[in-house]
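Report on the following structure.
Read-outs: derived from the displayed coordinates by stated rules, not from any lab. Computed from a prediction, not measured in an experiment: that's the story for all the values here. We place every Cβ from the backbone using ideal geometry, glycine too, and count neighbours over all the protein chains shown.
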Amino acid sequence: MDTDAKRYRISETVELMEFNKGMGYSVVAVKSFALYEKIIGETRSEFNVGDDYFHIDDAKEIQLLQNDRSDSLKVEFRFETGNVTRTL
């Protein structure tokens, strides 16, 4: 995992970051455990709002939303021209 990549904390133990998987970038959710980190979710790295395309570093705010499912994360990315909600 790229330790130099900018991280965006969304909870006490979870951060989001862009991750190069060799064939392109994804946004991944990384959970910190006592001695290690694990990727627990993934989504596309481009966010489409109307005719505009954004990346995670364009987000004005990133918020973890309530989710009824325990096996996924629901995250809202707020951009200048609108919001995108993704499930990771």
Qualifying positions in the range 63-88 - touching a helix residue (DSSP H, G or I) at 6+ places or on another chain (Cβ under 8 Å) and either of a type in the set (Phe, Trp, Tyr) or buried (at least 16 other Cβ atoms within 10 Å of the Cβ) (or both): 77, 79
Which ones in the range 34-76 are closer than 23 Å to residue 24 by Cα and out of contact with any strand residue (DSSP E or B) (no Cβ under 8 Å at 6 or more places or on another chain)? 51
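So that you can scan it fast, the table gives a plain yes or no per residue for (1) within 26 Å of residue 69 (Cβ to Cβ); (2) among the small types (Gly, Ala, Ser); (3) under 13 Å from the mean Cα position of the chain (by Cα); (4) exposed (fewer than 12 other Cβ atoms within 10 Å of the Cβ):
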residue	(1), (2), (3), (4)
5	no, yes, yes, no
13	yes, no, no, no
19	yes, no, yes, no
24	no, yes, no, yes
27	yes, no, yes, no
33	yes, no, no, yes
36	yes, no, no, yes
52	no, no, no, no
56	yes, no, yes, no
Need at least 2 residues that are of a type in the set (A, V, I, L, M) per element, so show me which strands (runs of 3 or more DSSP E) inside the chain make the cut, counting only ones lying wholly within it. 14-20, 25-32, 37-44, 61-65
